[in-house]
Amino acid sequence: MLSRNIRVASLASAVVLVLGVTACGGGNQTASNAPASPQGEGASPAANTTTGSNLSGTVKVDGSSTVFPISEAMAEEFQKANPGVQVTVAQSGTGGGFKKFCNNETDISNASRPIKAEEVELCKKGNVEYIELPVAYDGLSVVVNPQNKFAQCLTIAELKKMWEPAAQGKVATWNQIRPDFPNQKLGLYGPGTDSGTYDFFTNAVVGKEGESRGDYTASEDDNTLVQGVSADPGGLGFFGYAYYENNKDKLALVGIDNGKGCIQPSAETIGNGTYQPLSRPEFIYVKKSAATRPEVQAFVNFHFAPENQELISEVGYVPLPNDLVGQVQARFKEGKVGSVFEGKGSQTGVTLADLLKQEK
C-alpha cells in the first residue's frame with residue numbers, strides 16, 4: 001500500500017481503508033456505520049463545513065488507484081479529527097469505481113480521467129447527479145528496470161510503437177524500438193482497461209482512448225506493476241508519479257521527448273505544464289444527494305483546506321494553484337452538477353483553468 005511515508009500494513013485504528021484490489025477491477029464491499037441524517041433537499045452541499053468529534057456516519061469512496069493515495073492520506077487525517085466518522089476507501093479503477101458510483105453504491109468516486117459519455121448515461125439511469133471536483137495534478141511516469149541504462153529518454157512515437165494494437169505479437173525486443181538499443185526482450189506492464197490511467201495513456205500515446213496491444217501484464221494495482229518492472233531487466237511500465245516517487249530505489253525514470261527535448265516528470269514540470277502530453281488532473285466525483293450529509297461535506301471540504309494541501313505533496317502529487325482551489329471550492333459550494341469535460345473522457349491539450357473559466 002502506498003502512502004505519505006510508504007505506509008505498509010498498519011494504519012491508525014481510526015482509519016478504515018478497504019483495499020480490495022484485483023486485476024479485473026473489483027473492489028470489496030465494507031461494513032459501515034449508519035450515515036448521519038441528511039439535510040433538506042434544498043441545502044447547498046457545502047453549506048455545512050463542520051468538523052470535530054460531533055460528526056458521525058460513514059463516507060464510501062472507491063475508484064482510481066492513482067487517486068487512492070490522496071484519499072488514503074485525507075481519510076487518515078480527517079478521521080483523527082472526526083473519530084465518529086468512518087471513511088472507507090477502495091480502489092476498483094476509475095471505470096470500476098464509476099460503475100459502483102452510478103449504481104448508488106458509493107458517495108465519492110475517485111477518477112484519474114474525466115467521466116466518459118457512457119458513464120454519464122449510466123449515472124442518469126441510476127438517477128445519480130454528481131459534482132466534479134479536480135483535486136491535484138499528476139504526471140504519468142514511464143519507468144524501466146534500473147539495469148536499463150539505454151532507454152533514458154523516449155519519444156511519444158517510440159512509446160506508440162511499443163503500445164499500439166499493431167505491435168501485438170510483433171514488437172517484442174528493444175532494438176525494434178530503436179536500432180541502437182540491444183536485442184533484449186521487451187516486457188510491458190500497465191494498468192488494466194478499467195483504469196483511467198490506461199485511458200489517458202492510450203489517448204495521449206496511441207491517439208485513441210482504450211486502444212492498445214493486449215499482450216502486456218495488466219493490473220489495477222500499481223504496486224503489482226512496480227514489482228513487475230523491478231523484477232524484469234527488459235521491463236517498461238507506466239503509472240502515476242506518486243508510485244515512482246515511493247519506489248524510486250527499484251525503478252529508473254524515463255524522460256519523454258514530445259518535440260521540445262527530453263523532460264522527466266517532477267513536481268515542477270507537472271505543475272508548470274512542461275511535462276507533456278502526460279500531465280493530467282486527478283478528480284473526485286461527489287454524489288449530489290450524498291453531499292448534503294454533514295460528514296460527506298466535511299470530508300470533501302477537508303481536501304481543499306489550505307493546511308491539507310501539503311498532504312497532496314507528501315503522497316507524490318502536485319496541489320492545484322490557489323486560484324483554482326478557490327474555483328473548485330465554489331463549484332462544490334454551489335452544488336454545480338455535471339462535467340466541464342462534457343463526458344468526453346481523457347483529453348490532452350486543455351487546461352482546467354480554461355475549462356472552468358468557460359463554464360462561468
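Output the qualifying pairs, or none if there are none: Cβ atoms under 6 angstrom, residues six or more apart or on different chains, first residue in the stretch 142-162 and farther than 14 Å from P265 by Cα, second residue surrounded by fewer than 21 Cβ atoms within 10 Å (Cβ to Cβ) and at pLDDT below 95.
I156/N258
Can you pull out every residue in the stretch 267-291 that is open to solvent by 10 Å² or more (accessible area, probe 1.4 Å) and farther than 28 Å from V254 by Cα?
Listed by number, the residues that qualify are K287, K288, S289.
Within the stretch 140-199, can you find the residues that are acidic (D, E) and part of a loop (DSSP other than H, G, I, E, B)?
Passing the criteria: E164, D180, D194.
Quick one: in the stretch 97-119, of everything that is touching a residue at least 40 places away in the same chain (Cβ under 8 Å), surrounded by fewer than 22 Cβ atoms within 10 Å (Cβ to Cβ) and part of a helix (DSSP H, G or I), which residue is nearest to the chain's Cα centre (by Cα)?
Residues of the stretch 97-119 that are touching a residue at least 40 places away in the same chain (Cβ under 8 Å), as a first pass: 97-98, 100-101, 104-117, 119.
If we keep only those that are surrounded by fewer than 22 Cβ atoms within 10 Å (Cβ to Cβ) too, we end up with 100, 104-105, 117.
Right, trim to part of a helix (DSSP H, G or I) and you get 100, 117.
Details: K100: 16, A117: 19 Å.
Here the answer is K100.
Would you mind finding the one in D180, D199 that is buried (at least 21 other Cβ atoms within 10 Å of the Cβ) and out of contact with any Leu (no Cβ under 7 Å at 6 or more places or on another chain)? It would help to see each step written out before you state the result.
Values: D180 fails: buried (at least 21 other Cβ atoms within 10 Å of the Cβ).
D199 is the lone residue from the list that is buried (at least 21 other Cβ atoms within 10 Å of the Cβ) and out of contact with any Leu (no Cβ under 7 Å at 6 or more places or on another chain).
Tally the residues that are part of a helix (DSSP H, G or I) and open to solvent by 10 Å² or more (accessible area, probe 1.4 Å), restricting the search to the stretch 50-94. Explain how you work it out, then say what you get.
Taking the stretch 50-94 first, the residues part of a helix (DSSP H, G or I) are 68-81, 94.
If we keep only those that are open to solvent by 10 Å² or more (accessible area, probe 1.4 Å) too, we end up with 76-77, 80-81.
Count: 4.
Could we say that T22 is farther than 23 Å from P281 by Cβ, within 24 Å of the chain's Cα centre (by Cα) and either part of a helix (DSSP H, G or I) or at pLDDT 50 or above (or both) here? Spell out the reasoning first.
Values: farther than 23 Å from P281 by Cβ: yes; within 24 Å of the chain's Cα centre (by Cα): yes; either part of a helix (DSSP H, G or I) or at pLDDT 50 or above (or both): no.
Against the criterion (farther than 23 Å from P281 by Cβ, within 24 Å of the chain's Cα centre (by Cα) and either part of a helix (DSSP H, G or I) or at pLDDT 50 or above (or both)), T22 does not qualify.
The values are calculated or read from the model by the stated rules, or taken from the named source; none is laboratory data. What you see is a predicted model, and the numbers here were worked out from it, not measured in a lab. Using ideal geometry, Cβ is built from the backbone for each residue, glycine included, and neighbour counts are taken over all protein chains shown. Note: accessible area is taken over every heavy atom of the protein model, side chains too, but ligands, DNA and RNA are not part of it. Shrake-Rupley method; radii C 1.70, N 1.55, O 1.52, S 1.80 Å.
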